[in-house]
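Heads up: the structure comes next, in structure tokens.
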Amino acid sequence: MSDGFFYSYHLGWSRPDAESLLGDLDAAGLRITHPTTRRITLVTPGPEPVMTQSWVTREQLVLLAGLQRLDEIGFLLWVKRGAEIHVRIRRTRDGIVSLEFGLRRLSRDERELAVRAIREAIGRASLLCIGFVVDREGASAATDWRAVIVNGATVFDSWPDTLAVRHEVADVQPQLSGVRSFEQSPWMLFGSEVPSR
């Protein structure tokens, strides 16, 4: 088990984006409904012991996840055996939308399934995705990844497994200078997704 995460950052976000994301995740094996109860679970932000859960319909989740009425929503995704993935979608002060997936309670195989599914789902909306970061163990959790990915202004102490940023950010971020990368439009990828040459 790890405290890993997958964060992505997006310009613009709407109900159709949320519906597409949830549909793609579901098709890849990350379900919005609990495997036994079939309930869709919203969670309030905050530390786990005091987190409040409530149940909603799929339509309500899509509406809320589209951030039409709120600036932040938390909910759970489920893998087959019932392990949960905490998801938070939030709009920041400058209008950037952050999708945050916690990989904490997953086995290694479940974590890889989740990373692959999330990566493919956000990749389908790549025109709106500014970039993303994957850290399977959570070693770089203290880094302000939003600031790194959006404008390259922040330095980081620990390297994540994969970092995807736009070309203009890669050009100004000093820690990325001279580091092996791979172009996957519209991003430059650094880390484990960079193929060996």
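In this structure, does Leu77 turn out to be touching a strand residue (DSSP E or B) at 6+ places or on another chain (Cβ under 6 Å), outside any loop (DSSP other than H, G, I, E, B) and open to solvent by less than 80 Å² (accessible area, probe 1.4 Å)?
When the stated conditions are applied, Leu77 passes them.
Could you give every pair whose Cβ atoms fall below 6 Å, whose first residue belongs to region 83-111 and is farther than 21 Å from Thr36 by Cα, and whose second residue is among the hydroxyl-bearing types (Ser, Thr, Tyr), counting only separations of at least 6 or pairs across chains?
Arg90/Ser98; Ile96/Tyr9; Ser98/Tyr9; Leu99/Ser8; Glu100/Tyr7
Going by the structure shown, is Leu99 of a type in the set (A, V, I, L, M) and open to solvent by 10 Å² or more (accessible area, probe 1.4 Å)?
no
Do we find that Arg58 is open to solvent by 60 Å² or more (accessible area, probe 1.4 Å) and touching a residue at least 24 places away in the same chain (Cβ under 8 Å) in this structure?
The answer is yes for Arg58.
Scan region 125-133 and tell me whether some residue there is surrounded by 13 or more Cβ atoms within 10 Å (Cβ to Cβ), touching a Pro at 6+ places or on another chain (Cβ under 6 Å), under 27 Å from Pro186 (Cα atoms) and at pLDDT 90 or above.
Checking region 125-133: at least one residue is surrounded by 13 or more Cβ atoms within 10 Å (Cβ to Cβ), touching a Pro at 6+ places or on another chain (Cβ under 6 Å), under 27 Å from Pro186 (Cα atoms) and at pLDDT 90 or above.
The values are calculated or read from the model by the stated rules, or taken from the named source; none is laboratory data. Since the structure is predicted, the reported quantities are computational estimates derived from the model, not experimental observations. For neighbour counting, all protein chains shown are included, and Cβ atoms are generated from backbone atoms with ideal geometry for every residue, glycine included. Ligands, DNA and RNA are stripped out before the accessible areas are found, and what is left, the full protein with its side chains, is counted by its heavy atoms. Shrake-Rupley method; radii C 1.70, N 1.55, O 1.52, S 1.80 Å.
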